[in-house]
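These notes concern the structure reproduced below.
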Amino acid sequence: MTLTIRGLTKTYPNGVQALKNLNLSIGSNMFGLLGPNGAGKSTLMRTIATLQSADAGEVWLDRLDVLKEKDAVRRILGYLPQEFGVYPKMTALDMLDHLAVMKGILNRGERKDAVEGLLQRVNLWEWRKKKLGSYSGGMKQRFGIAQALLGNPKLIIVDEPTAGLDPTERNRFLNLLSSIGSDVIVILSTHIVEDVSELCSQMAIISDGGVVLEGAPQVAIEQLRNRMWRKSLANSQELAELQNNSHVVSTHLVGGVTYARVYAESCPGEGFSPVDPDVEDVYFLTLSRHQRN
Ligand code: ADP
């Protein structure tokens with residue numbers, strides 16, 4: 001299965017051009033969509049999820065015209081939006097049952113099996129009779145995935161799912177996502193680079209409404225091998241000088257010491273040591289190159 005996006009363009013009534021002739025091809029498995037806030041990720045996700053229209057362009061899921069055949073898309077779609085509202089006074093069991101009816105699972109026995117199976121799968125079985133208002137952030141997100149998985153969707157979209165989760169909750173959530181299965185397209189939209197590096201075999205970086213990098217994270221990382229260098233900095237003046245004279249990709253504070261990561265074809269100077277490149281280097285370097293052009 002392949003999701004093909006061609007020339008997608010969207011301008012909001014206030015004049016903001018959120019998508020600018022965006023092209024992207026997404027195959028089965030986990031696909032990471034990275035980009036800074038305001039890049040257009042949610043607009044893209046909502047358009048694919050048939051919740052808003054585009055001004056121009058096409059989206060195809062194999063031979064299904066996503067922008068036109070909305071009902072057919074909704075039958076095979078699972079969507080976890082950025083803001084997932086629940087009724088705080090309802091229990092997880094009742095809410096999921098209600099959502100299953102909305103999704104068209106009308107047979108009582110079939111619905112019971114689906115709802116109970118999903119609550120077990122997302123590890124909420126023990127808390128199924130608790131009110132959703134008492135759930136932690138991580139539990140709410142796991143409930144969000146349970147509702148997105150109702151009806152065995154073929155296309156699953158999750159928008160910024162780990163923002164605000166503590167490390168344990170985030171781990172649980174990512175493990176759950178990675179267990180979904182390989183015959184399904186899962187699009188994970190996020191501004192958290194590690195989410196993508198840990199889970200996704202393919203990714204795209206979007207910035208300013210367009211795709212600025214597309215491919216396998218590992219391939220993009222390998223292209224930076226032997227070109228990333230690190231140095232500890234004594235003060236902010238040293239950082240300012242470095243920024244003037246070389247390509248500083250990022251700075252990190254480790255144990256009270258500031259380190260700069262620099263991109264250079266060969267050792268940029270005294271005090272630098274070579275470091276293994278990572279997805280964060282790919283991300284920051286790609287964005288800075290895009291902004292320079
Ligand atoms: P991201 O999800 O990457 O943060 P969004 O798709 O939410 O990006 O936003 C892209 C741009 O469109 C931003 O400049 C944002 O302010 C703007 N935008 C998003 N939704 C609306 C809307 N409903 N009306 C007007 N502008 C919007």
Sticking with the crude label model, points 7 Å out along Cα→Cβ, report the distance from Glu83 to Leu253 in nm, one decimal please. 3.1
Quote the convex hull volume per residue of segment 249-289, based on C-alpha atoms, as a whole number of Å³. 85
Note down, for segment 48-92, the three equivalent ellipsoid semi-axes (square root of 5 times each alpha carbon gyration tensor eigenvalue), biggest first, whole angstrom. 27, 13, 8
Work out the FRET efficiency for Ser232 and Lys20 from their Cβ-Cβ distance, taking R0 = 41 Å, and round it to the nearest 0.05. 0.55
Partner lysines whose C-alpha sits under 19 Å from that of Lys68, ignoring same-chain residues fewer than 8 away, are Lys10, Lys154
Nearest-0.05 FRET efficiency for Arg128 and Asn245 at R0 = 45 Å, using Cβ-Cβ distance, is 0.15
Below 8 Å, C-alpha to C-alpha, sequence gap of six or more: please give me the relative contact order for the chain in percent. 21
Calculate the spin-label point distance for Arg63 paired with Thr9, positioning each point 7 Å from the Cα along the beta-carbon direction, and give it in nanometres. 3.0
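So what's the projected area for the chain, the Cα convex hull averaged over all directions, in nm²?
Over every viewing direction, the Cα hull of the chain projects on average to 17.8 nm².
Pulled fully out, how much extra length does the chain show between Leu51 and Met1, if you take 0.36 nm times their separation in residues and subtract their Cα-Cα distance? Numbers along the way, then the final one.
Details: separation 50, 0.36 × 50 = 18.00 nm, distance 2.16 nm.
Answer, rounded to one decimal: 15.8 nm.
Kirkwood Rh, segment 226-275, all Cα pairs: how many Å?
Details: mean 1/r = 0.0932 Å⁻¹.
For segment 226-275, inverting the mean 1/r across all distinct Cα pairs yields 10.7 Å.
May I ask for the percentage of alpha-carbon pairs in segment 117-178 that lie more than 13 Å from each other?
Details: 1152 of 1891 pairs.
The share of Cα pairs beyond 13 Å in segment 117-178 comes to 61 percent.
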Kindly give the semi-axes, whole Å and largest first, of the ellipsoid equivalent to segment 1-123, taking each as the square root of 5 times a Cα gyration tensor eigenvalue. 31, 17, 14
Could you tell me the center-to-center distance, by alpha carbons, between segment 54-109 and segment 114-181 in angstrom? 15
Just the number please: accessible area per residue for the chain, 1.4 Å probe, all protein chains included, in Å². 50
Please give the contour-minus-distance gain from Asn175 to Glu214: 0.36 nm per residue of separation, less the Cα-Cα distance, rounded to one decimal in nm. 11.7 nm
Restricting to the chain, what percent of DSSP beta bridges are antiparallel, rounded to 5? 65
Taking the dipole about the Cα centre of the chain, with the C-beta of Lys and Arg at +1 and of Asp and Glu at -1, give me whichever of Ser232, Ser53, Asn29 is farthest to the positive side. Ser53
What is the distance, in nm, between label points placed 7 Å from the Cα along the Cα-to-Cβ direction at Thr91 and at Thr168? 2.5
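Order Lys112, Lys129 by their accessible area, 1.4 angstrom probe, all chains in place, largest first.
These residues rank, largest area first, as Lys129, Lys112.
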With the convex hull built on the alpha-carbon atoms of segment 139-293, volume per residue in Å³ sits at 139
Could you please state how large a percent of the accessible area of segment 127-267 is carbon and sulfur, counting protein chains only and using a 1.4 Å probe? 45
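The values are calculated or read from the model by the stated rules, or taken from the named source; none is laboratory data. These numbers come from a predicted model, not from an experiment. Don't worry about glycine lacking a Cβ; one is built from the backbone with ideal geometry, like all the others, and counts go over all protein chains shown. In case anyone asks, the SASA skips ligands and DNA or RNA and just uses the protein heavy atoms, side chains included. Shrake-Rupley method; radii C 1.70, N 1.55, O 1.52, S 1.80 Å.
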